[in-house]
Every structure is written in C-alpha cells, then in structure tokens.
Ligand code: ATP
C-alpha cells in the first residue's frame with residue numbers, strides 16, 4: 001500500500017521552475033531516500049507534501065488524502081523535521097520537546113528521556129544557546145518521541161557529528177522495525193545507502209532515477225583488482241571492460257556490473273590468485289548523473 005504518492009508535481013517561484021513534474025511513491029513500512037544536491041527541489045517537494053506550499057500543477061497524497069486540502073488530518077499522523085531548525089530562544093530544549101509532544105496529545109516521558117540520552121542533549125539549556133546540531137537534536141527527539149505513522153525528515157543529520165549520525169541511523173532502523181514509514185531527504189549519499197529500501201534522485205526539479213539500490217547500481221561499474229598466474233589474453237577487447245591497467249600480472253579495471261559473471265568466468269581460465277571487487281558507491285552513481293554523463 002502506498003503511504004505517499006507524488007503525482008506530476010510542478011512548482012515555480014517566479015521564473016525559477018523548482019519542480020518540473022515529479023512522480024514517486026513511498027510504500028507503507030519503507031524507508032525512502034530523496035537524494036539531490038542543494039537547490040535540486042527537495043525542500044520544495046517536502047513543503048508541498050506537508051501542505052505548506054500549493055503546487056502549481058499535480059498533487060501529493062498522504063495516506064490517500066490530499067496534501068493541500070486535508071493537511072490538518074494528515075499532520076496528526078506525521079512527524080516532520082525541517083532542514084533548518086528554529087526554536088523559541090527563551091524555552092529550554094526539554095520544554096520545546098514537551099511542547100511538541102503535548103501538541104500531538106502525547107506524553108511518553110520514558111521515550112523522551114531515552115532519546116535525550118541517546119543523542120546526548122542537555123535539555124536544560126535555553127534554545128538560544130544551542131548550536132545548529134543541538135537544535136537539530138531537539139527537532140529530531142521531538143519527532144522520534146512521537147507515535148507518527150510517517151516521518152518526513154529534511155536533511156536531518158547535516159549538523160550532527162558522526163557519532164550522533166550512528167545514533168540517528170539506529171533510530172531509523174528501529175522505526176522501520178516498528179513498521180513506520182520514513183521519507184528521508186539528503187545530499188549525504190553514504191547515509192542513505194545504509195538506510196533506504198528505495199530512493200529517488202532529484203536534479204534540477206526532475207527525478208532522474210528511482211528504484212532500489214540494486215536497481216540503480218546496474219547503471220554503473222564495479223571496480224576489479226585481480227592477480228593471475230598467467231597473463232590474461234584479450235581482456236581489453238571483452239565487452240564491458242574499461243580503464244584497464246596491468247603490471248606484473250596485477251590487473252585493475254572496471255566492468256559493467258551486468259557483465260560481472262561473464263567476465264569473471266573468462267578471467268578464471270588464467271588462474272586467479274587474488275580478486276577484489278568493489279561495488280560502486282552511490283556517490284559514484286550520483287556523480288555520473290550529476291555530471292549528466294548517463295543522460
Ligand atoms: P537545499 O538542500 O539547498 O535546501 P533543495 O533541494 O531543498 O536544496 P529547494 O530549496 O527546494 O532545493 O529549491 C529548489 C529551487 O527553488 C532552487 O533553485 C531555489 O533557489 C529555488 N527556491 C526555493 N525557495 C524559493 C523561494 N521562496 N523563492 C524563490 N526561489 C526559491
């Protein structure tokens with residue numbers, strides 16, 4: 001069942017066409033990544049999903065409801081963490097978290113304390129003295145302490161240090177285990193790689209690719225390091241082999257991931273002593289798209 005459906009969404013700010021007709025669907029219980037560089041249209045998409053912005057064309061549906069017309073009902077069932085967190089300067093972090101929990105009619109103090117400890121937040125400090133990372137922690141704890149069905153997180157870890165990023169990842173795994181759905185926007189690809197079931201890549205207001213990581217990996221190449229006993233004949237002529245370097249029967253090259261088994265079968269005839277294969281990172285995949293090479 002799809003929990004979030006974005007249909008042909010278009011939005012312009014004056015002459016800037018921020019969204020050029022985007023489509024994707026998030027299934028119930030999945031963690032969905034929304035990846036793109038700064039200015040790609042991630043926040044604009046999220047704002048239309050939240051019913052804060054009205055789309056020029058197309059629409060978003062959350063829980064089968066219309067994002068613009070049914071925003072109030074939708075908001076009761078979602079938790080949202082914005083990219084830029086602004087808090088009331090005179091309240092403490094703990095008070096802000098309580099405020100958000102009360103707004104939702106929730107009061108799970110045990111969960112709140114657990115999260116405060118996990119994120120190592122001092123909740124007694126006034127928000128005006130918090131760093132960007134600490135403000136982000138307050139927003140994250142408020143969201144994660146809730147019993148929402150769908151969590152919409154806009155660049156949630158951009159101000160967190162690596163240790164806290166780990167904590168965040170654990171929390172996302174826990175949400176998934178609990179059957180919740182998560183929509184996670186990011187330009188940090190390694191973060192998404194570990195967490196997401198599926199993802200869409202957005203660039204200049206257009207979705208350029210959607211699918212599971214495995215679906216997207218076939219678009220790029222696997223790096224191979226190989227040592228053989230005998231010289232490999234005809235390797236450079238094989239289909240799907242690129243960028244070949246050889247020194248003393250030590251070979252380094254890239255292959256089309258689709259051709260993997262065919263190429264491995266071929267080289268095995270030359271007595272493989274050592275083989276190392278590195279799958280492409282999302283970073284590489286993304287760079288290919290970002291530079292527009294594969295379009
Ligand atoms: P970032 O990670 O930098 O927030 P993003 O992917 O979230 O980027 P958006 O903030 O959605 O991207 O911006 C998409 C495009 O729309 C950009 O070109 C941006 O400059 C433009 N834009 C966003 N908000 C406004 C606005 N209020 N007025 C005019 N242009 C805007």
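The values are calculated or read from the model by the stated rules, or taken from the named source; none is laboratory data. Model, not experiment: these values are computed from the prediction. Note: ideal-geometry Cβ built from the backbone for every residue, glycine included; neighbour counts use all protein chains shown.
Data table
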item: Selection from the range 23-49 of residues that are assigned to a helix (DSSP H, G or I) and near the ligand (Cβ under 9 Å from one of its atoms); result: 42, 43, 44, 45, 46, 47
item: Scan of the range 215-246 for residues that are closer than 30 Å to residue 18 by Cβ and in a helix (DSSP H, G or I), ordered by number; result: 215, 216, 217
item: Selection status of residue 260, surrounded by 13 or more Cβ atoms within 10 Å (Cβ to Cβ), at pLDDT below 90 and more than 30 Å from residue 206 (Cα to Cα); result: yes
item: Test for residue 93: is it more than 16 Å from the ligand (Cβ to nearest atom) and either assigned by TED's automatic domain parsing to the domain that holds residue 184 or buried (at least 19 other Cβ atoms within 10 Å of the Cβ) (or both); result: yes
item: Number of positions in the range 165-204 that are farther than 20 Å from residue 139 by Cβ, within 16 Å of the ligand (Cβ to nearest atom) and in contact with a helix residue (DSSP H, G or I) (Cβ under 8 Å, 6 or more places away or on another chain); result: 5
item: Residue that is surrounded by the most Cβ atoms within 10 Å (Cβ to Cβ) [pool: residues in the range 119-133 that are under 21 Å from the mean Cα position of the chain (by Cα) and part of a helix (DSSP H, G or I)]; result: 133
item: Any hit, the range 212-221, residues being away from the ligand (no atom under 16 Å from the Cβ) and at positive phi; result: no
item: Subset of the range 12-22 (residues that are more than 7 Å from the ligand (Cβ to nearest atom) and surrounded by fewer than 14 Cβ atoms within 10 Å (Cβ to Cβ)); result: 15
item: Hey, residue 193 outside the structural domain of residue 240 (by TED's automatic domain parsing), touching a residue at least 60 places away in the same chain (Cβ under 8 Å) and either surrounded by fewer than 18 Cβ atoms within 10 Å (Cβ to Cβ) or in a helix (DSSP H, G or I) (or both) or not; result: yes
item: Some residue of the range 56-64 being within 16 Å of the ligand (Cβ to nearest atom), touching a strand residue (DSSP E or B) at 6+ places or on another chain (Cβ under 9 Å) and in a loop (DSSP other than H, G, I, E, B); result: yes
item: Hey, residue 226 surrounded by 15 or more Cβ atoms within 10 Å (Cβ to Cβ), in contact with a strand residue (DSSP E or B) (Cβ under 8 Å, 6 or more places away or on another chain) and in contact (Cβ under 8 Å) with a residue 60 or more places away in the chain or not; result: no
item: Boolean, residue 85 is assigned to a loop (DSSP other than H, G, I, E, B) and in the same structural domain as residue 197 (by TED's automatic domain parsing); result: yes
item: Scope the range 112-125; condition farther than 16 Å from residue 160 by Cβ and touching a helix residue (DSSP H, G or I) at 6+ places or on another chain (Cβ under 8 Å); matching residues; result: 112, 123, 124, 125
item: Lone unmet requirement of (1) in a loop (DSSP other than H, G, I, E, B); (2) over 15 Å from the mean Cα position of the chain (by Cα); (3) in the same structural domain as residue 23 (by TED's automatic domain parsing); (4) surrounded by fewer than 18 Cβ atoms within 10 Å (Cβ to Cβ) for residue 158; result: (2)
